Amino acid sequence: MAVATQGIQGRCAHCQRTLLLTPWQLNAIAINEAFTCSHCQKNLQLSDPKQIRRFRSLDALAMLKASLLVMICTALLVALVMEWVGMLSVVEQLNYSLLAIFVYFIALHFARQRQHMTLIFEAARAHAD
Ligand SMILES: [Zn+2]
């Protein structure tokens, strides 16, 4: 499930329960809209500047992950081309490629850890019941 891989959680201001944020909830937060809690159906929003900053840092993280993937793919391609033109032996090319993939997974692991967060929501001011 896409939601589980996001790893972003939030705490509801009404029922104090933890919610695993769905893509549409994340979208609502991104455009500064109120959304409903999955448990108590009451309106929530992210209004604490510190929490908003944490949420915004996810964008940078997503971008970092995307550029990392491009970088590794380029490195693998370069290694392959270098083997074709005879600048690297097959073993060297394999070692180089394995190292690039290893670096990629290490970086991804740290990115995932940073992505694991719990946002503290507040009751939405507008449409409050
Ligand atoms: Zn709730």
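Legend: calculated FRET efficiency, residue 87 to residue 112, from the Cβ-Cβ distance at R0 = 35 Å, rounded to 0.05, equals 0.50. Sequentially through segment 56-65, phi angles give Karplus couplings (6.51, -1.76, 1.60; θ = phi - 60°) of 4, 5, 5, 4, 4, 5, 5, 5, 4, 5 Hz, Gly and Pro residues having no value and appearing as x.
Evaluated on segment 2-123, the Kirkwood hydrodynamic radius is 16.8 Å, with distances taken between all distinct Cα atoms. Full extension of the segment from residue 27 to residue 122, taken as 0.36 nm per residue of separation minus the current Cα-Cα distance, would add 32.5 nm.
To the nearest ten degrees, helix 90-115 and the longest principal axis of the Cα atoms of the chain are 10 degrees apart. Under 8 Å for C-alpha pairs, at least 6 residues apart: give me the relative contact order for the chain, rounded to a whole percent. Relative contact order comes out at 38 percent. With a simple spin-label model that places each label point 7 Å from the Cα along the Cα-to-Cβ direction, the separation between residue 77 and residue 41 comes to 5.1 nm.
All of the numbers you see were taken from the coordinates with simple rules; none came from a lab. Keep in mind that what you see is a predicted model, and the values were worked out from it rather than measured. Note: ideal-geometry Cβ built from the backbone for every residue, glycine included; neighbour counts use all protein chains shown.
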